[in-house]
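Participant: Encoded as structure tokens, here's the structure I'll be asking about.
The values are calculated or read from the model by the stated rules, or taken from the named source; none is laboratory data. These numbers were taken from a predicted model, which means no experiment stands behind them. Here the Cβ is made from the backbone with ideal geometry for all residues, glycine too, and neighbour counts use every protein chain on show. Keep in mind that these areas ignore ligands, DNA and RNA; they rest on the heavy atoms of the full protein, side chains included. Shrake-Rupley method; radii C 1.70, N 1.55, O 1.52, S 1.80 Å.
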Amino acid sequence: MTNADDRVRRLAIRLGELCVERGVSVTAAESCTGGGVAAAITDIAGSSRYFETGYVTYSNAAKQRLLGVPGETLDAHGAVSQPVVEAMVEGACRDSGARLGVSVSGVAGPDGGSAEKPVGTVWFAFAVDGRLEADRQRFAGGRDEVRQAAVVHALEGLIRLLESLT
């Protein structure tokens, strides 16, 4: 197990502990991470107590069909944008019934970047009980490093949100 894998495992364990303590279920709507967040969560024994549904919506059509992301939003902002990740997490929470959710959409590379959205650009949205937060990160490295960093950031953001609940 690499240090990065160990870090992801520790974060997923902590997330699970917090979900159980607070009686919260979690969902993930993923694009560029391809299910990496859901895999990290479900790698932990007992995760079925707080994780039921995840979504890998790699295409724009899947984002629309499974998560209800409006086509107009995708057309106006592109898949790698704040409005799209916010719509993704809202759709995932609505469909799954989870109180806590994360969505991820980015340009993992090696191709697909632009001047406005270079390779390594990843948008995240986090939701808890209807409250939304979004942020954009720019990760260095190749495709694997960008995807791994995005999984770590997603788990850290979920933990932060849960720790903020009283």
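Participant: If you go through segment 1-40, how many residues are touching a strand residue (DSSP E or B) at 6+ places or on another chain (Cβ under 8 Å), buried (at least 20 other Cβ atoms within 10 Å of the Cβ), within 20 Å of VAL122 (Cα to Cα) and not acidic (Asp, Glu)?
Facilitator: Of the residues in that region, 9 qualify.
Participant: Can you report the number of residues in segment 29-56 which are under 11 Å from the mean Cα position of the chain (by Cα) and at negative phi? Show your work before the answer.
Facilitator: Of the residues in segment 29-56, the ones under 11 Å from the mean Cα position of the chain (by Cα) are 29-38, 54-56.
Checking which are at negative phi leaves us with 29-33, 36-38, 54-56.
Selection size over segment 29-56: 11.
Participant: Enumerate the pairs (first residue in segment 152-166 and within 22 Å of THR33 (Cβ to Cβ); second residue anywhere and of a type in the set (Val, Ile, Thr) and open to solvent by 10 Å² or more (accessible area, probe 1.4 Å)) with beta-carbon separation below 9 Å, excluding pairs fewer than 6 apart on the same chain, so at least 6 apart or on different chains.
Facilitator: VAL152/VAL8; LEU155/VAL8
Participant: Here's another thing I want to ask about it. Pick from segment 41-56 the residues that are of a type in the set (Gly, Ala, Ser) and not in a helix (DSSP H, G or I): which of them is surrounded by the most Cβ atoms within 10 Å (Cβ to Cβ)?
Facilitator: Out of the qualifying residues, it is GLY54.
Participant: Further, regarding this structure: Hey, can you tell me all the residues within segment 74-117 that are under 13 Å from the mean Cα position of the chain (by Cα), not small (Gly, Ala, Ser) and not in a helix (DSSP H, G or I)?
Facilitator: Residues satisfying the conditions are VAL80, LEU100, VAL102, VAL104.
Participant: Within segment 118-164, work out how many residues are assigned to a loop (DSSP other than H, G, I, E, B) and open to solvent by less than 40 Å² (accessible area, probe 1.4 Å). Step through it out loud before you land on a result.
Facilitator: We begin by selecting, within segment 118-164, every residue assigned to a loop (DSSP other than H, G, I, E, B); these are 118-120, 129-130, 139-142.
Imposing the further condition that a residue be open to solvent by less than 40 Å² (accessible area, probe 1.4 Å) reduces the set to 118, 120, 139, 142.
Total meeting the criteria: 4.
Participant: Of the conditions (1) modelled with pLDDT of 95 or more; (2) surrounded by fewer than 21 Cβ atoms within 10 Å (Cβ to Cβ); (3) under 19 Å from ALA150 (Cα atoms), VAL102 satisfies every one except a single condition; which number is it?
Facilitator: For VAL102, the exception is condition (2).
Participant: Give the residues of segment 59-73 that are surrounded by 16 or more Cβ atoms within 10 Å (Cβ to Cβ) and either outside any helix (DSSP H, G or I) or not charged (D, E, K, R) (or both), sorted by residue number. First the steps, then the outcome.
Facilitator: Residues of segment 59-73 surrounded by 16 or more Cβ atoms within 10 Å (Cβ to Cβ): 60, 63-64, 66-67, 69, 73.
Answer for segment 59-73, where residues must be surrounded by 16 or more Cβ atoms within 10 Å (Cβ to Cβ) and either outside any helix (DSSP H, G or I) or not charged (D, E, K, R) (or both): ASN60, GLN64, LEU66, LEU67, VAL69, THR73.
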